Amino acid sequence: MMRGGMGNMNNMMKQMQKMQKEMQKAQEELLTKTVEGTAGGGMVTVIVDGSKRVLEVKIKEDVVDPDDVEMLQDLVLAATNDALKKIDDITASTMGQFTKGLNLPGGLF
């Protein structure tokens with residue numbers, strides 16, 4: 001009977017190792033993704049990568065008004081937050097497949 005228990009334990013360990021490799025691969029793939037956040041109907045666009053680095057900020061000329069710098073600042077902030085939320089959503093969706101039913105503390109993934 002002990003022998004069967006050890007076989008089950010070995011199978012469980014193999015499954016855990018496989019899942020760990022799959023999680024690592026998924027995390028590496030997430031780092032290569034880029035997302036685009038926008039604000040002002042596309043007047044400001046921010047591109048962020050999977051590690052949450054801002055790669056590019058695009059501002060259409062029409063939105064640049066020296067008398068209203070505050071609006072431009074708000075649009076850049078909104079576009080950046082939009083991009084960061086999108087990468088968070090992709091990360092949660094991708095990594096959530098590995099944590100379903102595990103009841104991890106702190107709402108991980």
Task: Charge context of L75, other residues only, Cβ under 12 angstrom, K/R +1, D/E -1 - done: -4
Open item on the list: Just want the ordering: V54, V46, from fewest to most Cβ atoms lying within 10 Å of their own Cβ.
Closed with: V54, V46
Task: Set of aspartates and glutamates near K18 by C-alpha distance (under 19 Å), chain-local residues within fewer than 8 positions excluded - done: E28, E29
Task: Residue (of M43, S93, N81) at the positive-pole extreme of the chain, dipole from beta-carbon charges - done: S93
Open item on the list: For a test of the definition: using alpha carbon positions, the gyration tensor, and the 1.5 limit on a/c, classify the chain as rounded, prolate or oblate.
Closed with: prolate
Open item on the list: If you take every DSSP beta bridge fully contained in region 33-102, what fraction is antiparallel? Give it as a percent rounded to 5.
Closed with: 100 percent
Open item on the list: Using a Cα-Cα cut-off of under 29 Å, which lysines could be cross-linked to K85, ignoring same-chain neighbours fewer than 8 residues away?
Closed with: K21, K25, K33, K52, K58, K60, K100
Task: Dipole magnitude of the chain, debye to nearest 20 (Cβ charges: Lys/Arg +1, Asp/Glu -1, about Cα centre) - done: 1440 debye
Open item on the list: Calculate the FRET efficiency for N8 and L30 from the Cβ-Cβ distance with a Förster distance of 25 Å, rounded to the nearest 0.05.
Closed with: 0.15
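A short reminder: the numbers here are calculations on the coordinates, not readings from a lab. Please read all numbers here as calculations on a predicted model, not as lab measurements. When we count neighbours, we look across all protein chains shown, and the Cβ atoms used for this are built from the backbone with ideal geometry, even at glycine.
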